[in-house]
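What follows is calculated from the coordinates using simple rules that are stated; it is not laboratory data. As the structure is a computational prediction, the values presented were derived from the model and not from experiment. All Cβ positions, glycine included, derive from the backbone under ideal geometry; neighbour counts span all protein chains shown.
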Amino acid sequence: MSAGGGSTVEVILAQSIDERIEDALSPVSSFIEGIVFYAVPVAGVDLPLIVLWLVSAGAFFTYHLGFMNLRGPKHALELVRGQYSRPEDAGEVTHFQALATAVSGTVGLGNIAGVAVAITLGGPGATVWMIVAGFLGMSAKMAECTLGVKYRRTRPDGSVSGGPMYYLEKGVAEVTGRVRAGKFLAIFFSISAIGGAIGGGNMFQANQATAQIIAVTGGADSPLTDLRWIVGLVFAVAVGAVIIGGIKSIAKVTEKLVPLMAGIYLLAAVVVIAANLPAVPAAFGEIFSGAFGADSVTGGIIGALIVGFQRAAFSNEAGIGSAAIAHSAVKTSHPSSEGHVALLEPFLDTIVVCTATALIIVISGAYLDPAAGELGGVALTSAAFATVIPWFPNVLAIAVVAFAFSTMLTWSYYGMKATGYLFNDSPSAETAFKVIFCVFVVIGASLSLGPVIGISDSMIFMMAIPNVIGLYIMANMIKREVHGYRADIASGAIEKVGPIG
Amino acid sequence: MPGTVLVGVDNGDASKRAVEFARDRAKALGVTLVLVHVIPWSPYSFSTPEENEMRSARRKSELAAAEEQVLEPARTIVGDEVECVAIARHGDRAELLNALAREHDSFHILVGRTGESRMKTKLFGSVPGQLIQIADVPVTVVP
């Protein structure tokens, strides 16, 4: 930058728009990150308290609800197959649809880029801790989605929506008798959710989708390298066309493209694993020794655990509260039925998709490349696929764009609902949020990965503070809901009625 | 005579002819006529959060529109001389017609010819075609 030896003014002029945006936002990112990720040293490694907060919530609800993450999935599958849906409810939102909507918002770049970041920073052992976090996350997800349905709102126009802002306000007041405490948590959550929507639900997605587009158009030589903001602008126009312009056809294409891409992604992962079959036992060896070993480079067991938990939580969003918004529109008179269905979400997201990504990165040995740390994110995953399927980065670019776009649309909805809560469903406030959301698509695309990960993680994890406090306060109520529902299923008070449609 | 005659209805011309044909048959046999309008819907389709939020309200308006635009005109064609039951429901057209025929003890299902193009029928099949394949009772397709 200073090669020409010019004045400060010249230096500023020489900076690209991307760099100027990054310079302006990096201190903000560091500041927020410092607060949300306040860490204490444990065995020589910094342990962010927020990660402990989320994992504790998952562990608590796993125990408190009686290991529903093991006992619940069978019934969840029966619900998803429509075996408890009444024929006269045909045409309403089914358990399958609520789950698919939530999963399409969750399965995104956290599964592709986030996992690569985890393995770069925490080594192969992070995979095991991601799976453990996914398993514990199932219980937290069950708790929050049960409440999401229990306290959802039906408006005079017939629209149905819910989420932490409603269950924190009403549920906490109901349990503690403190109306203001519930309201405070709900407002805290809503403000964080707006930040989370703009951070992880938007900037991180735009950033990594742009990175992949640049990677497949020539990498450092790509004509788009210094024009990331233009790629962001194209994304912003597409997002704006849907969320502001109401062009549903784009959303329709996306919602069909995402499951297709997820299928292709998993299939390609199987191909990569099959092509490296002899390396599989050694890869598992590395994963397990990394998870329980003491590799000083990656911080040993604690380092792998922290990174694994952090990336899993970012990916499956259990305890964050976002899924409760997506699940709440389902047609059911038993809130815990949707809680059961929500168990499947971290399972699919983390235990299936994240593990697939981790396996191909470890098995292909892509993470051993000295440049792996620099590649980071989606580029490392892409390199891992390319070791077996050289043309796959192009397909991955389409998948990444589809995932990123769908996650952005879903999170714009979460942010809009939070805005609606804060401003009493004011249409002008919701429109203002949508415009700001689109602006941040451009900003997210322009920054480098570091500051974006910082802001994204901070904002998303901040949502977990009020949400998990509320879950603890309502823990006994959740337990009664879940166990009461299961008793009704066991006694036959709630009967199977067969698939609908 | 026990049982009913079931006719699938929409707002096409062939459907009107099917209702007339079914009415005459129900009248001749002295049985109840079941009018069914199926709103195409799958429990396994993918939807956006906004669609989910509005789904319940939209379902109500779809059922109201079916009642007003399809079932009421069909009832008018049937008239007072034949006892008739009218149902609007969401689902897969062929499967739901067959399921409702079973539920209402129907011994005959009638539908109007849907008139899809040859190519579309080859690719996706037609409702009468699918119904003929899966129905438990005789099916008449009225041109």
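Here are a few things to note about the model shown:
- For region B:4-142, the antiparallel share of DSSP beta bridges with both residues in that region comes to about 0%.
- Nearest 10 degrees, 0 to 90: helix A:475-491 Cα axis against chain A principal axis: 60 degrees
- Footprinting exposure proxy ranking of A:317, A:338, B:103, A:33, fewest other C-beta atoms within 10 angstrom first, gives B:103, A:33, A:338, A:317.
- Computed about its Cα centre, the charge dipole of region B:11-80 is approximately 280 debye, with only Lys, Arg, Asp and Glu carrying charge at their Cβ.
- Reduced Cα scattering model of region B:4-142, Debye log10 I(q)/I(0), q = 0.11, 0.16, 0.19, 0.20 Å⁻¹: -0.41, -0.83, -1.11, -1.20
- Over chain A: helical MRE at 222 nm, DSSP H runs n ≥ 4 each giving -39500 (n - 2.57), nearest 500: -23000 deg cm²/dmol
- Candidates A:79, A:25, A:227 compared by Cα position along the dipole of chain A: farthest toward the positive end lies A:79, with charges placed on Cβ.
- Nearest-20 debye value, region A:170-243 charge dipole, Cβ charges on Lys, Arg, Asp, Glu: 560 debye
- Likely footprinting exposure, A:130, A:474, A:203, fewest C-beta neighbours within 10 Å first: A:474, A:203, A:130
- Net charge of neighbours whose Cβ lies under 12 Å from the Cβ of residue A:179, counting Lys and Arg as +1 and Asp and Glu as -1: +2
- For residue A:345, neighbours were defined as the other residues whose beta-carbon sits under 12 Å from its Cβ, and their charges (Lys and Arg +1, Asp and Glu -1) total -3.
- Acute angle (nearest 10 degrees) that the helix B:93-103 long axis makes with the longest principal axis of chain B, alpha-carbon atoms: 50 degrees
- Dipole magnitude (debye, nearest 20) for the protein assembly as shown, charges at Cβ of Lys, Arg, Asp, Glu: 1140 debye
- Helical content of chain B, expressed as a calculated mean residue ellipticity at 222 nm, amounts to -14500 deg cm²/dmol (DSSP H runs of 4 or more residues, -39,500 (n - 2.57) each, divided by residue number, nearest 500).
- Projecting the Cα atoms of A:497, A:179, A:462 onto the charge dipole of chain A, computed from C-beta unit charges around the Cα centre, puts A:497 farthest toward the positive end.
- Overall form of region A:193-297 per C-alpha gyration tensor (a/c, 1.5; a/b vs b/c): prolate
- The C-alpha atoms of the protein assembly as shown occupy a region whose extents along the principal axes are 98, 57, 57 Å, arranged from largest to smallest.
- Principal-axis analysis of the Cα atoms of chain A puts helix A:248-275 at an angle of about 70° to the longest axis.
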